[in-house]
Structures are given as structure tokens and as C-alpha cells.
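K.L.:
Take a look at the following structure, please.
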Ligand code: KG4
Ligand code: ZN
């Protein structure tokens, strides 16, 4: 044991408890230093936000306070571990909804003090980008998978393309200038009356539709950069929907979903392919909730096979928001000697990594 800042610290961190509350899912995980997930338990708030057609920040933070401590107990029970086996505490401290982040950060700091454990705050996007290294009884990364790789983080709050050269070595190659890909799915689903969150519904309905039935725009696809934009697509879909009566909408719904989805998938696969080609990288990762999309998986896999690229898409439980990915990023950093102070607060807009020259900052948005 060593002494630092008045705390007794283990010389190496073997197991951490991690908390993720950056948006609307509450999640707690217990993760080992090699990426093994010993527990990963979550509470979804979809039911609470459904009547409003989107995430309501006040409701999200209030629900985190109900769910978080019971989930901490459940994670320890699932892993069959007591607090004596937990070497440190990890929490998502940026970016996200401020009230939601605050619940996680204050709880992590309190547990760290009460249990006399070191703790660290982690950027949510770092968790998403490192998710392929997690492992459990049914998933392990390919044995030869390693840095460097291109990582496309796609969810309801972010659409960012990264070059990842190692822990803490992240460069933003491109990102959306307006809506995130998941937001584009959810907004279309709302317009078409499919409920919230709509991405998965669009995916299901699109399976019986024709992706070429409607010619929706693929913004910026001819530009030789890695930027993305989805707001024009949303407007185009709105126009098409406004010309249809209820019967026609219902009849054409599969074609509408398939065409809209194809426009998003085309752009995402194009940017991923362009980045890996121009960076000369032979490994790529899809991560974030939208990587659950079945059409995207098929299209990205066929691109990767043709291009000779090793594509890793973590299982859905590690693609959607989860504490396991946060725990893994945290234990790597704790083992490098990094710690957070009790003065740590949430940073709702903190970016991750440096931005490649010419990459425009996105507008202010929900994360
Ligand atoms: O990563 P995530 O769970 O939470 C955020 O950080 O946002 O991603 C949620 C997003 C939502 O926008 C949801 O509609 C989208 O991922 N999503 C999908 C699918 N499953 C989830 N989008 C398209 N197809 C899917 N199968
Ligand atoms: Zn996320």
C-alpha cells in the first residue's frame, strides 16, 4: 500500500466500481483491470420520458437519485463482492446533462469518502471508444485487436469520428455539425408517430421497405472531409410526410423508414471508410446506441470485408450507455497514477481529445 492525499491506495487497481448517469440511463458496473465485466446493471428511463417524446432533463436527474444506490448494491451482489474488494470508484463526469452528471459525481465522491477509496472522473466518450476492450462470458475482443483504430461514436447525443492511438490519445477527425445520428432517427420516428426512442422502431419497420423508394439527401457526402450533417435529412423527411394523408403514410411507412435509414447509413459508412483509408488504419470500431442498427452493421461489415479492415462492434449492452465502459477507462487511468480530487464537478460540455485542424466545433447541443 502507498499513501497519497491522506488515502491508503492499493499499488495496483484490480477491480473498480463505476457509475454512469450522463443522460437518461442509470448504470453501475464492476470491472477488472483486464476489461472483464463482473457486473453491469442498468435502469432504463424510457417509460418516464416516453410521454414527452424525448429526454426531460429534470425527470432524468430525479430518476437517477431513485435508481443509483439500489443499483450499487445490485452490482456488488451480482459480482458477489464486498466493498473490501473494490480498489477504486469511477464516474462519468463529462459531457452530458448537468443534473444527471451531478447525481453520479456527488454519489461517487461520497462513496469514495465513506469507503476510503480513490476515485476518478471519466469523459463519457472515452468510455464509448474503449468499449471494444471489455470482455465477459460471451464477448471478447478479437485477440489481435489493438491501437491504433478509427472509432465512430454514434448515439442520441453524439456523432464523432476519432483516431485512437492509445489511452488518452484521441483526435477528432470529424463530427456532426448539427443533429446526432440517433437524434435524426428519433426525430423521424416522432414525426412518423412511432414513439420514443424511435431508432429501434425505424430499424424494425425498415426491414420490409425499399431503401431506394425515396431519394433523401446525403449531406456533405461529396466533401473530402469527415464532417456529417443530418438536419437537412430531417427537413426533407418532414416535407415528404406533410404531403401524405394518414392512409398513404401507413402504407408507405416501411419504404419511408428504409429510405431514411439508408441515407443515415450511407453517410456513416462513407465517413468511416474515408477516415480509415486516408489515415491508413486497418482497424475500426462502431460504438454508441446507433451501432445497434441492423442495416448499419450489415453495410459496415461488408465494407470492412472488402477493404480488408478489422471491424469491431461491441455487443449492444456495451454500445448503449453503460457503466462497464466507464469503469474500464477509469481503471486504466487509475493504474497510470491518475486521480480526481473531491473538488471535481460535472462538465456538461467538455470535449474529448484534440481536434484535427479544420474540424468545426458543433453547435451547443444535448449530449
Ligand atoms: O448510446 P445511447 O444508448 O444513448 C445516448 O447516449 O444517446 O444511444 C441511444 C440512441 C437513440 O437515439 C436510439 O434511437 C438509438 O441510439 N438507437 C438506434 C437503434 N437502437 C438504438 N438507432 C437506430 N437503430 C437502432 N437499432
Ligand atoms: Zn453515450
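Only the coordinates and a few stated rules stand behind these numbers; no lab work does. Please read all numbers here as calculations on a predicted model, not as lab measurements. We place every Cβ from the backbone using ideal geometry, glycine too, and count neighbours over all the protein chains shown.
K.L.:
Work out how far the C-alpha atoms of segment 216-279 reach from end to end along every principal axis, then list the three figures in whole Å, largest first.
P.N.:
48, 18, 12
K.L.:
Using only Cα positions of segment 267-360, each an equal point scatterer, no hydration layer, compute I(q)/I(0) via Debye at q = 0.10, 0.19, 0.21 Å⁻¹ and quote the log10 values to two decimals.
P.N.:
Relative scattering, expressed as log10 I(q)/I(0), comes to -0.39, -1.11, -1.19.
K.L.:
Using helices alone, what [θ] at 222 nm do you get for the chain, with -39,500 (n - 2.57) per DSSP H run of 4 or more residues, divided over all residues and rounded to the nearest 500? Intermediate values should be presented prior to the final figure.
P.N.:
Numbers: 11 runs with 148 residues, N = 367.
The per-residue figure over the chain is -13000 deg cm²/dmol.
K.L.:
Next question. Relative contact order of segment 215-367, please, whole-number percent, based on alpha carbon pairs below 8 angstrom and at least 6 residues apart.
P.N.:
Values: 101 pairs, mean separation 27.2, N = 153.
Here the relative contact order equals 18 percent.
K.L.:
How long are the three semi-axes of the equivalent ellipsoid for segment 128-214, computed from the Cα gyration tensor as the root of 5 times each eigenvalue, in whole Å, largest first? Don't skip to the end; give the middle numbers.
P.N.:
On the way: eigenvalues 182, 63, 29 Å².
In descending order, the three semi-axes are 30, 18, 12 Å.
K.L.:
Taking 0.36 nm per intervening residue step and subtracting the Cα-Cα distance, what contour gain separates residue 310 from residue 360 on full extension? Can you show the working numbers first?
P.N.:
Values: separation 50, 0.36 × 50 = 18.00 nm, distance 2.85 nm.
Gain on extension, residue 310 to residue 360, equals 15.1 nm.
K.L.:
A further question on this structure: Classify segment 98-138 from the C-alpha gyration tensor, please: rounded if a/c falls under 1.5, else prolate or oblate depending on whether a/b exceeds b/c. Intermediate results must be reported in sequence, preceding the final value.
P.N.:
Working: a/c = 2.64, a/b = 1.55, b/c = 1.71.
In terms of gyration-tensor shape, oblate.
K.L.:
Kirkwood hydrodynamic radius of the chain from all distinct Cα pairs, in Å?
P.N.:
Values: mean 1/r = 0.0476 Å⁻¹.
In the chain this quantity evaluates to 21.0 Å.
K.L.:
For each of 255, 84, 24, count neighbouring Cβ atoms within 10 Å of the residue's Cβ, then give the residues from fewest to most. It would help to have the intermediate numbers written out before the result.
P.N.:
Numbers: 255 18, 84 7, 24 26.
The most exposed by this proxy come first: 84, 255, 24.
K.L.:
Give the relative contact order (percent, whole number) for the chain; include only Cα pairs under 8 Å separated by 6+ residues. Can you show the working numbers first?
P.N.:
Values: 793 pairs, mean separation 89.9, N = 367.
Rounded, it is 25 percent for the chain.
K.L.:
Which ordering of 190, 349 is given by a fewest-first count of other beta-carbon atoms within 10 Å? Each step should come with its number before you reach the end.
P.N.:
Values: 190 15, 349 11.
The order, fewest Cβ neighbours first, is 349, 190.
K.L.:
Work out the FRET efficiency for residue 248 and residue 277 from their Cβ-Cβ distance, taking R0 = 56 Å, and round it to the nearest 0.05.
P.N.:
Details: r = 41 Å, r/R0 = 0.74.
So the FRET efficiency works out to roughly 0.85.
K.L.:
Quick check: residue separation of residue 204 and residue 343 times 0.36 nm, minus the Cα distance between them. What number comes out in nm?
P.N.:
Working: separation 139, 0.36 × 139 = 50.04 nm, distance 4.56 nm.
Gain on stretching residue 204 to residue 343: 45.5 nm.
K.L.:
Okay, moving on. When 357, 338, 77, 183 are ordered from fewest to most other Cβ atoms inside 10 Å of their Cβ, what list results? Before the final figure, lay out each step's value.
P.N.:
Values: 357 5, 338 14, 77 11, 183 25.
Fewest-to-most Cβ neighbours within 10 Å comes out as 357, 77, 338, 183.
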